1. So which residue, out of A:71, A:54, A:30, gets the largest mean-square fluctuation from a GNM of chain A using Cα contacts under 10 Å as springs?
2. Under the definition of partner shielding as Cβ atoms of other protein chains within 10 Å of a residue Cβ, what is the mean value for peptide A:86-97?
3. Under a 10 Å cutoff between Cα atoms, tell me which one of B:27, B:12, B:50 has the largest fluctuation in the Gaussian network model of chain B.
4. In whole Å, what are the extents of chain B along the principal axes defined by its C-alpha atoms, from largest to smallest?
5. Mind pulling the per residue volume of the convex hull built on the Cα atoms of the protein assembly as shown? Å³ is fine.
6. How big is the convex hull of the Cα atoms of segment A:22-88, per residue, in Å³?
7. Can you compute the FRET efficiency between residue B:63 and residue A:26 using 1/(1 + (r/R0)^6), with r the Cβ-Cβ distance and R0 = 41 Å? Round to the nearest 0.05.
8. Hey, if you drop one equal point scatterer on each alpha-carbon of segment A:89-150 and run the Debye formula without solvent, what base-10 log of I(q)/I(0) do you get at q = 0.16 Å⁻¹?
């Protein structure tokens, strides 16, 4: 007779889900590479923005190169994310895809829907605001999928 | 889809973490499969069946609805 009453097959707690939700050791390693590239992208973006805003004349034609520099790290982040997704634990991959679907869908709905709101009198928004909604939807989608498969 | 993973694992006194490690998946994946919230892809289903020395049909029952 096998006792399965008190084992771990119950729903995982939120803390257990968060701890286990980042996949295998290889997934966490690949995630770290993605995070590292993203931080490098953000850092170079901030530095390039500051230099181009405050010392535009000093950098001269190098300003074009400086403006393009963050994109190298952005492409690195994108490739790191692709590698992470391709090698991810299969449930983690599904969670990520659901997150991307919700994030992309939310971003598109907000971007197109807000055009009508603007015509109705709502204040105009910058591209950054739409990116925030898209990224917020991505994170919310990941959390919802993680919770669903807990 | 229903499966016998929980019983098979308990028969061997394996934790979900132990089983997950042997299959190279996360514990969350193992838990989701056991509770019927997630059906594994064919390669993982084969790995699970081979680990227990059974066929896929012995471990998974596609006709039984998930409780």
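Values quoted throughout were computed directly from the atomic coordinates according to the rules given, and no laboratory measurement underlies them. If you're wondering where the values come from, they're calculated on a predicted model, not measured in any experiment. Because the Cβ atoms are built from the backbone with ideal geometry, glycine has one as well, and the counts that use them run over all protein chains shown.
1. Between A:71, A:54, A:30, it is A:54 that shows the largest mean-square fluctuation.
2. Details: counts 0, 0, 1, 9, 9, 13, 4, 2, 4, 4, 0, 0.
Mean shielding by partner chains, rounded to a whole number: 4.
3. B:12
4. Cα extents, longest axis first: 28, 23, 23 Å.
5. On the way: hull volume 35.8 nm³, N = 217.
Enclosed volume per residue, from the Cα hull, is 165 Å³.
6. On the way: hull volume 3.9 nm³, N = 67.
About 58 Å³ per residue, rounded to a whole number.
7. Numbers: r = 35 Å, r/R0 = 0.85.
Rounded to the nearest 0.05, the efficiency is 0.70.
8. The calculated log intensity ratios at q = 0.16 Å⁻¹ are -0.54.
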